[in-house]
Amino acid sequence: MTYDKTMADGTRIEAPRFTYRVLDSVPVVFQLFEWLLVIVAFQYADVRFGFVAAKVAWIGLSVAFALYFGVRVSNAQWRFFEDPFKNRRWRLFSYYLSPVISGAVVFGLQHLVKQMVAAQS
């Protein structure tokens, strides 16, 4: 797919590389939100009805989401930086901060679901 601009006289202006990187990664954002939506559905079944299978499912999906998020962060780093693991700051981000972010998102969603169920009661 091209994001280049074609002028009226037929000349073509090439889009910056950053434009390609951002717009090509848009489907990944939707994939991440799909994961979170499924996790929230299982969290709701767990909190509302107390299904043990739902608890096992959302915990397993949360682990899978964390791994998927980590792979996507690593891929993004390799797109933007020559070797991100040579730099100490990016290595610390990948190993420590990225898993904490994904865990915080799932933990926050769990509390949001609990508040939704409490509001419905």
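Can you tell me which residue among ARG79, ARG72, ARG48 is open to solvent by 70 Å² or more (accessible area, probe 1.4 Å) and over 30 Å from TYR3 (Cβ atoms)?
Values: ARG79 fails: over 30 Å from TYR3 (Cβ atoms); ARG72 fails: over 30 Å from TYR3 (Cβ atoms).
When all the criteria are applied, what remains is ARG48.
Candidates in segment 94-121 are the residues that are modelled with pLDDT of 85 or more and aromatic (Phe, Trp, Tyr); of these, the one that is nearest to ASN75 (Cα to Cα) is TYR96.
Yes/no matrix, rows are residues, columns are (1) open to solvent by 70 Å² or more (accessible area, probe 1.4 Å); (2) out of contact with any Ser or Thr (no Cβ under 7 Å at 6 or more places or on another chain); (3) under 24 Å from GLN120 (Cβ atoms); (4) at pLDDT below 90:
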| site | (1), (2), (3), (4) |
| --- | --- |
| GLU14 | yes, yes, no, yes |
| ARG21 | no, yes, no, yes |
| ASP24 | yes, yes, no, yes |
| PRO27 | yes, yes, no, yes |
| LEU32 | no, yes, no, yes |
| ALA41 | no, yes, yes, no |
| TYR44 | no, yes, yes, no |
| ALA53 | yes, yes, yes, no |
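Kindly state which helices (runs of 4 or more DSSP H) lie completely within segment 1-94 and contain at least 3 residues that are farther than 30 Å from GLN115 by Cβ.
Values: elements: 17-24, 26-49, 52-80, 88-92.
Qualifying helices (runs of 4 or more DSSP H): 17-24, 52-80, 88-92.
The values are calculated or read from the model by the stated rules, or taken from the named source; none is laboratory data. Here the structure is a predicted model, which means the values were calculated and not measured. Quick reminder, even Gly has a Cβ in these numbers, built from the backbone with ideal geometry, and neighbours come from all protein chains shown. Just the protein is used for accessible areas: all its heavy atoms, side chains included, with ligands, DNA and RNA removed. Shrake-Rupley method; radii C 1.70, N 1.55, O 1.52, S 1.80 Å.
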